[in-house]
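Encoded as structure tokens, the structure appears first; notes follow it.
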Ligand SMILES: Nc1ncnc2c1ncn2[C@@H]1O[C@H](COP(=O)(O)OP(=O)(O)OP(=O)(O)O)[C@@H](O)[C@H]1O
Ligand SMILES: [Mg+2]
């Protein structure tokens with residue numbers, strides 16, 4: 001608790017101290033309490049202020065409430081009223097704080113950002129397929145957002161209040177996958193001191209996401225096939241069959257058709273899983289989404305740390321002109337990195353380049369490369385000159401023939417030749 005001898009000193013404190021609640025006398029030397037209140041409300045509108053007034057100036061206190069005071073206490077102070085008001089005001093302050101942090105965290109972590117045609121299409125499929133229990137197979141490169149799509153389907157389905165259980169099939173050794181998926185009973189094998197539920201059982205009433213499904217052994221594939229066909233299975237060492245109500249979503253970054261051809265993935269399982277296929281494109285096929293994603297990740301960093309940094313336009317251009325083999329995951333990590341490594345408020349092109357490392361430029365067509373960063377009109381004129389020169393030459397500098405070849409009037413060709421000062425050999 002801090003005490004100020006007058007309003008001016010009080011305002012001074014507020015510059016360096018954090019206040020949860022202010023008691024402010026109406027009757028103060030130098031600057032009246034109501035004026036002090038106005039200053040406080042301007043600079044710190046959310047700190048609750050309780051006015052203290054003598055009997056003679058209750059009207060001033062009422063007026064203060066109109067300006068934004070929380071309430072007022074009359075002298076002599078009544079202890080009960082003092083305590084009640086204080087508690088209420090502090091609760092209000094707490095509530096406001098929570099609201100503020102809620103607002104700040106409005107950058108939700110699991111949004112699907114993007115306005116490119118491909119991402120719109122994905123959103124459409126997600127919305128269409130979510131309500132049903134249809135199995136979905138999600139294909140796409142590393143870090144393109146396959147898991148995000150799987151979660152979006154679950155969250156938009158009628159199972160959204162049920163569990164979303166994920167299992168990474170590539171991370172589990174073949175001899176353990178069965179017990180991971182189906183669980184075991186106590187005493188099923190040495191070391192099974194307790195029974196354990198498998199992922200299928202844990203996902204009952206919800207969604208089971210089998211990630212990296214193409215990395216499963218053929219043996220495990222056979223068991224999964226049987227389980228999803230019948231939606232029941234036997235626990236290892238179990239006597240009775242367990243049946244579950246589970247929606248299956250799978251994902252892989254492998255070329256599944258090649259896996260099937262090579263005999264590493266069961267075709268019948270593929271048909272079972274691939275009721276709704278979703279292809280998540282890599283970032284280089286949707287570069288128009290890069291700025292949106294970068295802004296989103298910049299905001300996410302801001303919400304997490306409270307540090308608001310700006311990325312320069314040149315920095316943004318640079319980010320957009322590279323191939324991101326690790327796709328959105330890599331881009332997200334990169335944005336976090338440049339934020340952490342920058343001390344100032346602005347993230348420069350140099351910083352971007354420095355942390356970009358050795359990356360491949362997105363290859364533009366030679367035609368586009370040539371026009372560099374020209375403005376549209378400049379590029380159009382450049383192109384016009386070149387095509388005119390070329391056609392004039394190939395038509396032996398015959399004006400009417402060249403004009404016909406280009407599909408324009410000879411008079412029009414004449415004026416263009418003049419405009420660009422083109423050579424017309426006779
Ligand atoms: N469209 C998107 N908008 C915003 N963030 C996204 C988007 N797609 C992916 N992300 C984010 O990128 C990261 C990688 O996404 P996710 O884990 O879903 O990819 P994945 O394809 O499953 O990757 P992996 O192949 O490595 O398993 C996550 O942090 C995710 O939130
Ligand atoms: Mg994944």
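Structure data summary
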| quantity | calculated |
| --- | --- |
| Test: residue in the stretch 230-250 that is more than 16 Å from ligand 2 (Cβ to nearest atom), assigned by TED's automatic domain parsing to the domain that holds residue 178, at pLDDT below 90 and part of a helix (DSSP H, G or I) | yes |
| Candidate set from the stretch 207-223 (those that are in a loop (DSSP other than H, G, I, E, B) and within 16 Å of ligand 1 (Cβ to nearest atom)); member that is surrounded by the most Cβ atoms within 10 Å (Cβ to Cβ) | 216 |
| Enumeration of residues in the stretch 139-158 that are closer than 22 Å to residue 271 by Cβ and within 8 Å of ligand 1 (Cβ to nearest atom) | 140, 146, 149, 150 |
| Test: residue in the stretch 303-321 that is at pLDDT 90 or above, within 12 Å of ligand 1 (Cβ to nearest atom) and either more than 17 Å from the chain's Cα centre (by Cα) or under 30 Å from residue 133 (Cβ atoms) (or both) | no |
| Residue match in the stretch 275-293 (condition: without any contact (Cβ under 8 Å) to a residue 12 or more places away in the chain and farther than 20 Å from residue 147 by Cα) | no |
| Selected residue (criterion: nearest to ligand 1 (Cβ to nearest atom)) from residues of the stretch 256-296 that are assigned to a strand (DSSP E or B) and out of contact with any helix residue (DSSP H, G or I) (no Cβ under 6 Å at 6 or more places or on another chain) | 279 |
| Long-range neighbours under 7 Å by Cβ, at least six apart or interchain, first residue farther than 19 Å from residue 305 by Cβ within the stretch 105-118, second modelled with pLDDT of 90 or more and more than 10 Å from ligand 1 (Cβ to nearest atom) | 118/281 |
| Qualifying residues in the stretch 159-172 (those that are surrounded by fewer than 15 Cβ atoms within 10 Å (Cβ to Cβ) and part of a loop (DSSP other than H, G, I, E, B)) - the one nearest to ligand 1 (Cβ to nearest atom) | 160 |
| Any hit, the stretch 257-270, residues being under 18 Å from residue 164 (Cβ atoms) and crowded, with 19+ Cβ neighbours inside 10 Å | no |
| Every residue from the stretch 233-255 that is within 16 Å of ligand 1 (Cβ to nearest atom) and out of contact with any helix residue (DSSP H, G or I) (no Cβ under 8 Å at 6 or more places or on another chain) | 255 |
| Count - residues of the stretch 304-325 that are closer than 24 Å to residue 142 by Cβ, assigned to a loop (DSSP other than H, G, I, E, B) and in contact with a strand residue (DSSP E or B) (Cβ under 9 Å, 6 or more places away or on another chain) | 2 |
| Test result for residue 141, more than 42 Å from the chain's Cα centre (by Cα) and at pLDDT 85 or above | no |
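Here's the yes/no breakdown for (1) at positive phi; (2) more than 31 Å from the chain's Cα centre (by Cα):
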residue: 166; (1), (2): no, no
residue: 171; (1), (2): no, no
residue: 176; (1), (2): no, yes
residue: 183; (1), (2): yes, yes
residue: 187; (1), (2): yes, yes
residue: 196; (1), (2): no, yes
residue: 204; (1), (2): no, no
residue: 211; (1), (2): no, no
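The values are calculated or read from the model by the stated rules, or taken from the named source; none is laboratory data. Note that this is a predicted model, so its numbers are computed, not measured. Note: ideal-geometry Cβ built from the backbone for every residue, glycine included; neighbour counts use all protein chains shown.
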